[in-house]
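K.L.:
This is the structure, below, for whatever I ask next.
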């Protein structure tokens, strides 16, 4: 009688365990992220979130990740670092997400990285390039973008080849643009170039008449801008309005957006963008993604959509290689794996800092955005 009762109890336990396993398999893997849907970074944050969602949709259409569908849990961080940090705390402590992707911008990622580190929770940084994040000595934030200091490498190489030695630096005051400028200073010095203008401005500033006048007076051959979107449009408009045309003008972030050309019209022509990704007929992954993105959403993919999609791919690869959702196993894969995503090569150092990501240069030509560097995959020659 006792044996029979024990057998029944054991069968019941096995049944319950089996049910729990089945229910767990039916539950989606929840990926947490905050997105700048309002505030200064709204356009870029929306693009990035759309790329993340497209990655999840594609993954779910292919089948599953560890036998489970993927669900994106997201909140609007309003482009605010403190709010983003509080929301990452909520995603981890209250929502109990399984995986993390980082927010847009270096300043928000810096705040989010501290939350991830406190919880020992690995996070793929989908839109950040500031060295400050990876100088903290943390072990849970993994970069997919190129370091900010590398962004002007190709434009300054071009200027040096053309014998252009007078350089102007104009940049917003957050971490990313400042580090773009710092990297440009170091590279300009290595080329024997002269910095004839070097000025920072508040991120929210959209009045550049004074800066444009001082730029013109300095008479640089090359203007390099560490910018976002709204400020890049306003800065180029002011430079054109001052009647100044440098031989080379390169900005970060802004020129890669379609709205840059819409807002500036002919004034956008010849402006270059130092970027991390660009659609090109010579890059099949980028071209395929761009085609499917436009078919799905009705408009062209911006660079930050590629950030979101590529970040999802890196996270997915780490989970598949780990074969589990255990954080230690995923962290180890993110530290050691070599991978090529839509965004480009992924390989990081011990701190999680990117060591393999290439950069690109695009240019507005006759109303179109065209990839112009590196030359071997360029869609057009550079216009001066």
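K.L.:
Taking residue 24, is it within 14 Å of residue 108 (Cβ to Cβ) and either exposed (fewer than 15 other Cβ atoms within 10 Å of the Cβ) or modelled with pLDDT of 95 or more (or both)?
P.N.:
No: the conditions fail for residue 24.
K.L.:
What are the residues in the stretch 136-155 that are closer than 19 Å to residue 185 by Cβ and either in contact (Cβ under 8 Å) with a residue 40 or more places away in the chain or out of contact with any helix residue (DSSP H, G or I) (no Cβ under 9 Å at 6 or more places or on another chain) (or both), if any?
P.N.:
Selection gives 146, 147, 148, 150, 151, 152, 153, 154, 155.
K.L.:
Sort out which residues of the stretch 215-235 are touching a strand residue (DSSP E or B) at 6+ places or on another chain (Cβ under 7 Å) and more than 24 Å from residue 160 (Cβ to Cβ), and write them in order of number.
P.N.:
228, 231
K.L.:
Within the stretch 227-250, take every residue that is in a helix (DSSP H, G or I) and over 22 Å from the mean Cα position of the chain (by Cα) and give me the one that is surrounded by the fewest Cβ atoms within 10 Å (Cβ to Cβ).
P.N.:
Going through the qualifying residues, I end up with 241.
K.L.:
Which one of these does residue 301 not meet: (1) under 25 Å from residue 106 (Cα atoms); (2) in the same structural domain as residue 342 (by TED's automatic domain parsing); (3) at pLDDT 95 or above?
P.N.:
Against the list (1) under 25 Å from residue 106 (Cα atoms); (2) in the same structural domain as residue 342 (by TED's automatic domain parsing); (3) at pLDDT 95 or above, residue 301 comes up short only on (3).
K.L.:
Could you please give the count of residues in the stretch 251-266 that are touching a strand residue (DSSP E or B) at 6+ places or on another chain (Cβ under 9 Å) and assigned to a helix (DSSP H, G or I)?
P.N.:
7
K.L.:
Here are some conditions: (1) closer than 25 Å to residue 250 by Cα; (2) not in a helix (DSSP H, G or I). Residue 121 meets all but one. Which one does it not meet?
P.N.:
(1)
K.L.:
Condition first: surrounded by 21 or more Cβ atoms within 10 Å (Cβ to Cβ), without any contact (Cβ under 8 Å) to a residue 40 or more places away in the chain and part of a helix (DSSP H, G or I). Can you find one or more residues in the stretch 91-109 that meet it?
P.N.:
Scanning the stretch 91-109, I find at least one residue that is surrounded by 21 or more Cβ atoms within 10 Å (Cβ to Cβ), without any contact (Cβ under 8 Å) to a residue 40 or more places away in the chain and part of a helix (DSSP H, G or I), so the answer is yes.
K.L.:
Look at residue 128 and say whether it is under 17 Å from residue 35 (Cβ atoms) and either buried (at least 24 other Cβ atoms within 10 Å of the Cβ) or out of contact with any strand residue (DSSP E or B) (no Cβ under 7 Å at 6 or more places or on another chain) (or both).
P.N.:
The answer is yes for residue 128.
K.L.:
Residues to consider are 223, 180, 253; find the one that is surrounded by 24 or more Cβ atoms within 10 Å (Cβ to Cβ) and more than 24 Å from residue 48 (Cα to Cα).
P.N.:
Going through 223, 180, 253 in turn, just one is surrounded by 24 or more Cβ atoms within 10 Å (Cβ to Cβ) and more than 24 Å from residue 48 (Cα to Cα): 223.
K.L.:
So is residue 17 touching a helix residue (DSSP H, G or I) at 6+ places or on another chain (Cβ under 9 Å), at pLDDT below 95 and either surrounded by 10 or more Cβ atoms within 10 Å (Cβ to Cβ) or within 30 Å of residue 258 (Cβ to Cβ) (or both) or not?
P.N.:
No: the conditions fail for residue 17.
K.L.:
Here's a follow-up. Do we find a residue being outside the structural domain of residue 239 (by TED's automatic domain parsing), buried (at least 22 other Cβ atoms within 10 Å of the Cβ), without any contact (Cβ under 8 Å) to a residue 60 or more places away in the chain and in contact with a helix residue (DSSP H, G or I) (Cβ under 7 Å, 6 or more places away or on another chain) anywhere in the stretch 348-367?
P.N.:
Within the stretch 348-367 (the criterion being outside the structural domain of residue 239 (by TED's automatic domain parsing), buried (at least 22 other Cβ atoms within 10 Å of the Cβ), without any contact (Cβ under 8 Å) to a residue 60 or more places away in the chain and in contact with a helix residue (DSSP H, G or I) (Cβ under 7 Å, 6 or more places away or on another chain)), the answer is no, since none of the residues qualifies.
K.L.:
Quick check: anything in the stretch 39-61 closer than 19 Å to residue 327 by Cα, surrounded by fewer than 23 Cβ atoms within 10 Å (Cβ to Cβ) and in contact with a helix residue (DSSP H, G or I) (Cβ under 7 Å, 6 or more places away or on another chain)?
P.N.:
No; the residues of the stretch 39-61 include none that is closer than 19 Å to residue 327 by Cα, surrounded by fewer than 23 Cβ atoms within 10 Å (Cβ to Cβ) and in contact with a helix residue (DSSP H, G or I) (Cβ under 7 Å, 6 or more places away or on another chain).
K.L.:
Check every one of the strands (runs of 3 or more DSSP E) wholly within the stretch 134-214 and list those with 2 or more residues that are over 26 Å from residue 311 (Cβ atoms).
P.N.:
Because the criterion is at least 2 residues that are over 26 Å from residue 311 (Cβ atoms), the strands (runs of 3 or more DSSP E) in the stretch 134-214 that meet it are 166-172, 194-201.
K.L.:
Here's a follow-up. Answer with yes or no whether residue 371 is crowded, with 17+ Cβ neighbours inside 10 Å and out of contact with any strand residue (DSSP E or B) (no Cβ under 9 Å at 6 or more places or on another chain).
P.N.:
no
K.L.:
Mind telling me which of the residues 339, 291 ends up being surrounded by fewer than 18 Cβ atoms within 10 Å (Cβ to Cβ) and without any contact (Cβ under 8 Å) to a residue 60 or more places away in the chain?
P.N.:
From the options 339, 291, the qualifying one is 291.
The values are calculated or read from the model by the stated rules, or taken from the named source; none is laboratory data. As the structure is a computational prediction, the values presented were derived from the model and not from experiment. Every residue, glycine among them, receives a Cβ derived from its backbone with ideal geometry; neighbour counts consider all protein chains shown.
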